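Chemist: There's a structure below that I have some questions on.
The values are calculated or read from the model by the stated rules, or taken from the named source; none is laboratory data. Note that the structure is predicted; figures quoted are calculated from it, not measured. All Cβ positions, glycine included, derive from the backbone under ideal geometry; neighbour counts span all protein chains shown. Surface areas here come from the heavy atoms of the whole protein model, side chains and all, with no ligands, DNA or RNA. Shrake-Rupley method; radii C 1.70, N 1.55, O 1.52, S 1.80 Å.
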Amino acid sequence: QVQLVESGGGLVQAGGSLRLSCAASRSIFSILIMRWYRQAPGKQRELVALITSGGTTNYIDSVKGRFTISRDVAKNTVYLQMNSLKPEDTAVYFCNAASGTEVSWGQGTQVTVSS
């Protein structure tokens, strides 16, 4: 099972930017879908963005135009570029990899946006 490690979280003011990274323990070339989720205090975990092995991307409405998911196969890494951050983006962000019956999660990285 692939191991995932997120990084890049932190404290930022509203309107600022952060780039999250999700480093995989093996090649992501064959992983069908990689996703970023987030979970705010007291709320359910929600899907934020996904990218398929073919490069197709999708986003929840609240982040469209502000967040960009991408992947670097050579570095076994998936990124989430977050611009124009809002206080409501505050959450723990998790990376997820799914391929066939194999599903893996990272430990999460905290993103805090101050107003």
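Chemist: Taking SER27 as meeting all but one of (1) in contact (Cβ under 8 Å) with a residue 12 or more places away in the chain; (2) surrounded by 12 or more Cβ atoms within 10 Å (Cβ to Cβ); (3) more than 13 Å from GLN81 (Cα to Cα), write down the number of the exception.
Modeler: With respect to (1) in contact (Cβ under 8 Å) with a residue 12 or more places away in the chain; (2) surrounded by 12 or more Cβ atoms within 10 Å (Cβ to Cβ); (3) more than 13 Å from GLN81 (Cα to Cα), SER27 is out only on (2).
Chemist: Scan the range 63-73 and give yes if some residue there is over 15 Å from the mean Cα position of the chain (by Cα), open to solvent by 30 Å² or more (accessible area, probe 1.4 Å), under 21 Å from ALA98 (Cβ atoms) and free of Cβ contacts under 8 Å to residues at least 40 places away in the same chain, otherwise no.
Modeler: Scanning the range 63-73 turns up no residue that is over 15 Å from the mean Cα position of the chain (by Cα), open to solvent by 30 Å² or more (accessible area, probe 1.4 Å), under 21 Å from ALA98 (Cβ atoms) and free of Cβ contacts under 8 Å to residues at least 40 places away in the same chain.
Chemist: Collect the residues in the range 40-62 that are of a type in the set (Asp, Glu) and more than 14 Å from the chain's Cα centre (by Cα), keeping them in residue-number order.
Modeler: Let us first name the residues in the range 40-62 that are of a type in the set (Asp, Glu), namely 46, 61.
ASP61 - this is the single residue of the range 40-62 that is of a type in the set (Asp, Glu) and more than 14 Å from the chain's Cα centre (by Cα).
Chemist: Can you tell me which of (1) of a type outside the set (D, E, K, R); (2) free of Cβ contacts under 8 Å to residues at least 24 places away in the same chain; (3) closer than 14 Å to VAL5 by Cα is the one ALA97 doesn't meet?
Modeler: Status for ALA97: all satisfied but (2).
Chemist: Which residues, counting only those in the range 86-112, are open to solvent by less than 10 Å² (accessible area, probe 1.4 Å) and either over 14 Å from the mean Cα position of the chain (by Cα) or β-branched (Val, Ile, Thr) (or both)? It would help to see each step written out before you state the result.
Modeler: First, the residues of the range 86-112 that are open to solvent by less than 10 Å² (accessible area, probe 1.4 Å): 89, 91, 93, 95-97, 104, 111.
Residue satisfying the conditions is VAL111 alone.
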